[in-house]
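These notes concern the structure reproduced below.
Please treat every number below as a calculation from the coordinates, not as lab data. Source: prediction; values computed, not measured. Please note: Cβ atoms are built from the backbone with ideal geometry, for glycine as well, and neighbour counts cover all protein chains shown.
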């Protein structure tokens, strides 16, 4: 089966029936994101200002979750931005299914969340592909944070 170009895929809100698939996709991408279980994913979706999937012919190609300022979220990375920025969107995670990587899925999901507020996120310092991707999208490094023995590069992308 040939995958569809990302511009022909459908973006929609995360639904309860998606949760098992999202956890599986997330756990296959732990080199770039933290782990998720049902409780943590439910909490993220409840707190989110954007919780979206990109669907390709019934399959989930990827998903994105962003949080607003003032969210109830226990994360040192989120707290780092909360103490430095006033009005922004925190990109908690964007994850692409292994079967859909290098097909424009991440770019399409970013288009959905980039708008009139700065977007803040962190990237593990050893994730060269993600570092290059974000710099190419106009994200600028604004600091570093040590977390669980890993250095996180903190990025902000100015609003459109």
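Among 150, 99, 66, the order by Cβ neighbours within 10 angstrom, fewest to most, reads 150, 99, 66.
Taking every eigenvalue of the Cα gyration tensor of region 6-157, multiplying by 5 and rooting it, what semi-axes result, largest first, whole Å? Provide the component values of the computation, followed by the final result.
Details: eigenvalues 101, 59, 48 Å².
Its equivalent ellipsoid spans semi-axes of 23, 17, 16 Å.
Inter-label distance, residue 79 to residue 42: 2.5 nm, where each label sits 7 Å from its Cα along the C-beta direction. Spin-label pair residue 116-residue 16: with each label point 7 Å from Cα along the Cα-Cβ axis, the two points sit 3.4 nm from one another.
Can you give the direction-averaged projected area of the convex hull of the alpha-carbon atoms in region 46-131, in nm²?
Working: hull surface 25.5 nm².
Here the figure is 6.4 nm², rounded to one decimal.
Comparing 85, 36, 44 in a Gaussian network model of the chain where C-alpha atoms under 10 Å apart are linked, the largest mean-square fluctuation is found at 85.
Modelled spin-label separation between residue 86 and residue 27, with each label point placed 7 Å from Cα along the Cα-to-Cβ direction: 4.3 nm.
One chain, two ends: residue 135 and residue 160. Fully extended at 0.36 nm per residue, the span grows by 7.5 nm beyond their Cα-Cα distance.
Separation of region 86-150 and region 49-63, taken as the distance between their Cα centroids, equals 17 angstrom. Considering the chain as a Gaussian network with a 10 Å cut-off on Cα pairs, which listed residue, 101, 84, 137, attains the greatest mean-square fluctuation? Among 101, 84, 137, the largest GNM mean-square fluctuation belongs to 84.
Compare 116, 49, 13 in a GNM of the chain, Cα atoms joined below 10 Å, and give the one with the largest fluctuation. For the chain, modelled as a Gaussian network with Cα springs under 10 Å, the answer is 116.
Contact order for region 6-157, expressed relative to its length and based on alpha carbon pairs under 8 Å spaced 6+ residues apart, stands at 20 percent.
Using the Cβ-Cβ distance between residue 101 and residue 69 with R0 set to 22 Å, the FRET efficiency works out to roughly 0.10.
Just for region 6-157, what percent of DSSP beta bridges are antiparallel, to the closest 5?
95
In deg cm²/dmol, rounded to 500, what helix-only [θ] at 222 nm does the chain give when every DSSP H run of at least 4 residues adds -39500 (n - 2.57) and the total is split over its residues? Walk me through the intermediate numbers first.
Details: 5 runs with 44 residues, N = 160.
Value at 222 nm, helices only: -7500 deg cm²/dmol.
Provide 92, 18 in ascending order of the number of other Cβ atoms located within 10 Å of each residue's Cβ, fewest first. It would help to have the intermediate numbers written out before the result.
Numbers: 92 23, 18 19.
Taking fewest neighbouring Cβ atoms as first place, the list is 18, 92.
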